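Trainee: Take a look at the following structure, please.
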Amino acid sequence: MKRKRRKTGKGFSLVEVLIALVILAVGILVIAQMQAAAIDGLTFSRHMSSATQLAQQHLEYLRSLPFHESDATVCPTVDGAALRDSGDRCVLFDPADGDGEPGPFLYYTNPRNELGQEVLRNAPGMKYYLRWQVERGGVSGTPGPGGGIGIPGPGQMAITVQVIWWERQPAEIPDLSQMTAADLRASKGRMVEFRCLRQQDF
């Protein structure tokens, strides 16, 4: 006569199943957040690389221009017109040579895309805004007040180029000629800056 085996194994209770599901959901949520952070990091790295390349290209362009670019008839064009105002403001403009203070920020009216091509502000895709300022040491005499390390001497010119962008462009772009570092942080913008010193052409 055969004996029937009694099943003694127990299944999972409902509470155990719910706890396991909660642990699994938390794990999936953490992995999703890590994936999103990784994607954001890669996107930022690409934008930083593009901004760095644009800044280097524009810095080299400004360094290639003749030392004196204040004559509107020979001034390089920016966005189709010679960059000047109040009669004599050009690409390498510094209103008071050798005073120890840089000139105002000059900038392109329209932004550039990742290829360095001019685009409209409302165009789709990432947009980079270029601005720069020049500090001249004059062509004779001595450096201005506070002259020393970082202040260009006679026949020298310090050029600063900045490329600014926003991961999510604000509805209204701040005034690039007046925007400060605090303004940039407040608008959650990012910036790459290059600075170089060049000699007068001889």
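Trainee: If R0 is 25 Å, what FRET efficiency do you get for Ala186 and Ile31 from their C-beta distance, rounded to 0.05? Could the numbers behind the result be given before it?
Mentor: On the way: r = 34 Å, r/R0 = 1.34.
Using R0 = 25 Å, I get an efficiency of 0.15.
Trainee: If each residue of separation counts as 0.36 nm, what is the full-extension length gain between Phe67 and Asp40 once their alpha-carbon separation is subtracted? Provide the component values of the computation, followed by the final result.
Mentor: On the way: separation 27, 0.36 × 27 = 9.72 nm, distance 4.17 nm.
Taking 0.36 nm per residue and subtracting the Cα distance, the gain is 5.5 nm.
Trainee: Measure off 7 Å from each Cα along the Cα-to-Cβ vector at Ser177 and Gln199, then give the distance between these two points in nanometres to one decimal.
Mentor: Calculated label separation equals 3.5 nm.
Just so you know, all these numbers are worked out from the coordinates, no wet-lab data involved. Fair warning: this is a prediction, and the values are worked out from it, not measured in the lab. A quick note on method: Cβ atoms are made from the backbone with ideal geometry, for glycine too, and the neighbour counts reach across all protein chains shown.
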